Amino acid sequence: MLQTPTSDQTTSRRLDPDAPPVLQLTGLRTEFQLEDGVVTAVDGVDLTIRRGETLAVVGESGCGKSVMARSILQLVDRPGRIVGGQVWVPRPASTEVERARGRSRRRRRRRETPAETTVAPEGMVGLIGADPAIIRAVRGKRIAMVFQEPMTSLSAVHRVGDQITEAIQLHAPMPKDVARERAIDLLRRVGIAAPEKRVDAYPFELSGGMRQRVMIAMALSCDPELLIADEPTTALDVTTQAQILELLASLRDERGMAIMLITHDLGVAAQLADSVAVMYLGNVVERGDLAEIFRSPRHPYTRALLRSIPKLGQGRDIRLAPVRGMVPHPFARPSGCPFHDRCDSFQPGRCDTAPPPLIRDDQGHEVRCVLYEEDK
Amino acid sequence: MGKYTLRRIGLMVITLVAISFVTFWIIQLPPGDYVSTLVAQAESRGQVITPEQMAALRVRYGLDDPFLVQYWNWISNIVFHGDFGQSFAYNRPVSTLIWDRVALSFFLSVSTLLFVWAVAFPVGIYSAVKQYSPGDYIATFFGFVGMAIPEFLLALVFLWLGVRYFDQSAGGLFSPEYVDAAWNLGKVLDLASHLWLPILIIGISGTAGLIRVTRANLLDELYKPYVITARAKGLSEWKLLVKYPVRMSLSPFFSTVGWLLPGLISGETIISIVLSLPTTGPLLFGGVLSQDMYLVGSFILILSALTVVGTLLSDLALAWWDPRIRRRYQES
């Protein structure tokens, strides 16, 4: 279970840059209205993931990456609220939407659709403000999620098999025994030994790694186009972590699904991802090809992050360089570029006055920083 | 599981022995005994009981025997003959006295329980799901008011309202014209028209409490990660709510459901006295006042036994409901 094979694979993977997007975020904003004020956890995120692409979203704790991931399927609990932007996904087939609607017999009143300022990209539908049936048709079927804490993310009082078959039967009506067979197949596929027996186990009878495999099996049960993995390996030990990443990589290659990998661990990102989006205080500050970002990081924050990782063969007396300063208090968000107070290249009067522009080079490497404005 | 149940039953028997002993001891603690109550009553009527008569009564009731002998006589009759002893005051077997009143107590408790559940669960769930909505505030307001108002006060207020505005007879189970009548439709309707009031009064504080408990339990569960997982599968909100957080939030409920068992026959003493309902409650109260020791002792013993049995049933119900508990039992 060495980590090398995956990284080799990453470099050899060929991505079609013109593949249709499976997810497109435009200006997504999520706020938490707390008693002491409003925290903008996600502040205008634009991101696109294409079919088969693996995008790692990296950043320190509290940078909004998890909230961003949850906002996609509108899973943000109160007091969080999506206040702007749109989440575009390929329009689900009307039969799927009708099936989702049929599940709630009572018709819900439609939420008011926000005035659509942007025209929908072709074949896509905006999830924010959409009919709940459309959202439910996308959840689990088109976009599935794996969460960080496999213990608390599974219901402790339901057998794992039942939790998987529930997901299967929701989106593809079939007899219970057929669904159960599929659940066993899925468990086998994610590397659980004796799946015929484990299918009847309760989550507390499984180890952390096995639970996460169950979560992955559940997420895969409806063959999603996009798997959002929110810190899938954070709660696991290093060996199990490597196995889970390996599993995700092989499932991805086998099914051609896209993955959005949320992680604070650049090492994890490096093992799995094709491209990287670096987030800082709710903004994507840099996005580009994985190799490109590791080779020539542009944003001062990305550089600082990469400097803070220990390297093999580094002299033992060389001190690690942590990112200077602290993540600012959420209520005291710096004006202009949110990173300016920790930045080594801070330019007074420029960085602290207006949000930095988005600079995009020919390779599609994007960065939000005034340093590159001159190049254009 | 079977082994666990057996061990629990064994412990239960030991507990009951201890309880019976303590019960019997406590009802003998106050100074005086049933004979002194008799003497006091006689004196208040201007009669005199001579010391010889008193001694004769004491011998007849075995009141001068050593404590352990009295206890043994009492408990061995219960265990071997199902005989709970004789009530001094009523001069009838305790079991007959209690049985006479159990039916009504039982009926009242069960109807109250159904009323409480039917109101409190939906309101509590609504209150949690729509936390801080106007509906939640209304439910919370009534919840606190219902818990804060003493039941007897409510009973008095309702009695007054009934007499003043609805021309109903105060308290009791029947209107005067039906009290001695044979059972017919009119009498049943009359009974129903009287019973809703105690059900409502007894139910209000229970409902208020259960609304708060349901709300708190459910709020603990509503934002747990497994709920988000289920939502991410594409479940509709209603199905999701019932299958995951509501189910989870019922565990504390199951862990206390067995305590309802003694409540079924304890017969809401205060309300029954205020509303003059012939349940078991006033019987016990009267027995305590007149130091009718076999009546009180046996009654408390029955309540204790039901409490202990109820606790066991609760634990078994919880094991049936929650696999984590089941596993813990199997391991122990």
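How many of the residues making up region A:312-324 are surrounded by 10 or more Cβ atoms within 10 Å (Cβ to Cβ) and more than 30 Å from residue A:34 (Cα to Cα)?
Total satisfying the criteria: 4.
Quick check: anything in region A:60-79 away from chain B (no Cβ under 14 Å) and in a strand (DSSP E or B)?
no
Quick one: in region B:204-229, of everything that is among the charged types (D, E, K, R) and within 11 Å of another protein chain (Cβ to nearest Cβ), which residue is nearest to the chain's Cα centre (by Cα)?
The residue in question is B:221.
Would you check if there is a residue in region A:289-306 being at pLDDT 85 or above, part of a strand (DSSP E or B), touching a strand residue (DSSP E or B) at 6+ places or on another chain (Cβ under 6 Å) and buried (at least 16 other Cβ atoms within 10 Å of the Cβ)?
Scanning region A:289-306 turns up at least one residue that is at pLDDT 85 or above, part of a strand (DSSP E or B), touching a strand residue (DSSP E or B) at 6+ places or on another chain (Cβ under 6 Å) and buried (at least 16 other Cβ atoms within 10 Å of the Cβ).
Would you pick out the residues in region B:191-215 that are within 12 Å of residue B:123 (Cα to Cα), surrounded by fewer than 23 Cβ atoms within 10 Å (Cβ to Cβ) and not basic (Lys, Arg)?
B:209, B:210, B:213
Only one of A:327, A:285, A:268, A:276 is in contact (Cβ under 8 Å) with a residue 60 or more places away in the chain, under 28 Å from residue A:39 (Cβ atoms), β-branched (Val, Ile, Thr) and assigned to a loop (DSSP other than H, G, I, E, B); which?
Matching residue, one of A:327, A:285, A:268, A:276: A:327.
Restricting to region A:217-256, and then to whatever is over 16 Å from residue A:187 (Cα atoms) and in contact with a Gly (Cβ under 7 Å, 6 or more places away or on another chain), can you tell me which residue is farthest from the other protein chains (Cβ to nearest Cβ)?
So the residue we want is A:256.
Do any residues in region B:172-184 that are over 20 Å from residue B:275 (Cβ atoms) have Cβ atoms under 9 Å from those of residues that are in a loop (DSSP other than H, G, I, E, B) and at pLDDT 75 or above, where the two are at least six apart or on different chains, and which pairs are they?
Partner pairs satisfying both residue conditions: B:181/B:174.
What's the total number of residues in region A:11-43 that are within 20 Å of the chain's Cα centre (by Cα) and either modelled with pLDDT of 85 or more or surrounded by 18 or more Cβ atoms within 10 Å (Cβ to Cβ) (or both)?
17
Based on this model, can you work out whether residue B:276 counts as away from every other protein chain (no Cβ under 14 Å) and surrounded by 19 or more Cβ atoms within 10 Å (Cβ to Cβ)?
When the stated conditions are applied, residue B:276 does not pass them.
Testing residue A:154 on (1) more than 7 Å from chain B (Cβ to nearest Cβ); (2) assigned to a loop (DSSP other than H, G, I, E, B), one condition comes back false. Which one is that?
The number of the failed condition is (1).
Matching residues to (1) at pLDDT 90 or above; (2) within 23 Å of residue A:140 (Cα to Cα):
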{"site": "A:47", "(1), (2)": "yes, yes"}
{"site": "A:96", "(1), (2)": "no, yes"}
{"site": "A:107", "(1), (2)": "no, yes"}
{"site": "A:112", "(1), (2)": "no, no"}
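Pairs needed: first member in region B:279-300, touching a residue at least 60 places away in the same chain (Cβ under 8 Å) and at positive phi; second member anywhere, in a loop (DSSP other than H, G, I, E, B) and among the aromatic types (Phe, Trp, Tyr); C-beta distance under 9 Å; at least 6 residues apart or different chains.
B:291/B:88
Across region A:330-376, what is the total count of residues that are of a type in the set (Lys, Arg), touching a residue at least 24 places away in the same chain (Cβ under 8 Å) and in contact with a Gly (Cβ under 9 Å, 6 or more places away or on another chain)?
Here the count works out to 2.
Considering only residues of region A:237-265 that are hydrophobic (A, V, I, L, M, F, W, C) and assigned to a helix (DSSP H, G or I), which is surrounded by the fewest Cβ atoms within 10 Å (Cβ to Cβ)?
It comes out as A:238.
Being within 19 Å of residue A:49 (Cβ to Cβ) and at pLDDT below 90: is that true of residue A:132 here?
No; evaluated as a whole, the condition is false for this residue.
Under 12 Å from residue B:228 (Cβ atoms), within 14 Å of chain B (Cβ to nearest Cβ) and buried (at least 18 other Cβ atoms within 10 Å of the Cβ) - does that describe any residue in region A:118-136?
no
Would it be correct to say that residue B:318 is touching a residue at least 40 places away in the same chain (Cβ under 8 Å), within 14 Å of chain A (Cβ to nearest Cβ) and part of a helix (DSSP H, G or I)?
Considered against the rule, which asks whether it is touching a residue at least 40 places away in the same chain (Cβ under 8 Å), within 14 Å of chain A (Cβ to nearest Cβ) and part of a helix (DSSP H, G or I), residue B:318 comes out as yes.
If I filter region A:186-236 down to residues being closer than 24 Å to residue A:49 by Cβ and charged (D, E, K, R), which single residue comes out as surrounded by the fewest Cβ atoms within 10 Å (Cβ to Cβ)?
Going through the qualifying residues, I end up with A:223.
What residue, of B:88, B:67, B:106, is over 30 Å from residue B:264 (Cα atoms), out of contact with any Ser or Thr (no Cβ under 6 Å at 6 or more places or on another chain) and among the aromatic types (Phe, Trp, Tyr)?
Exactly one of B:88, B:67, B:106 is over 30 Å from residue B:264 (Cα atoms), out of contact with any Ser or Thr (no Cβ under 6 Å at 6 or more places or on another chain) and among the aromatic types (Phe, Trp, Tyr), namely B:67.
Among the numbered criteria (1) away from every other protein chain (no Cβ under 12 Å); (2) touching a residue at least 40 places away in the same chain (Cβ under 8 Å), which one does residue B:252 miss?
Looking at each condition in turn, residue B:252 falls short on (2).
Based on this model, can you work out whether residue A:99 counts as part of a helix (DSSP H, G or I), basic (Lys, Arg), surrounded by fewer than 23 Cβ atoms within 10 Å (Cβ to Cβ) and out of contact with any Gly (no Cβ under 8 Å at 6 or more places or on another chain)?
Spelling it out, residue A:99 is indeed part of a helix (DSSP H, G or I), basic (Lys, Arg), surrounded by fewer than 23 Cβ atoms within 10 Å (Cβ to Cβ) and out of contact with any Gly (no Cβ under 8 Å at 6 or more places or on another chain).
The values are calculated or read from the model by the stated rules, or taken from the named source; none is laboratory data. This structure is a prediction, so every number in the text was calculated from the model and none was measured. Backbone-built Cβ (ideal geometry, glycine too); neighbour counts: all protein chains shown.
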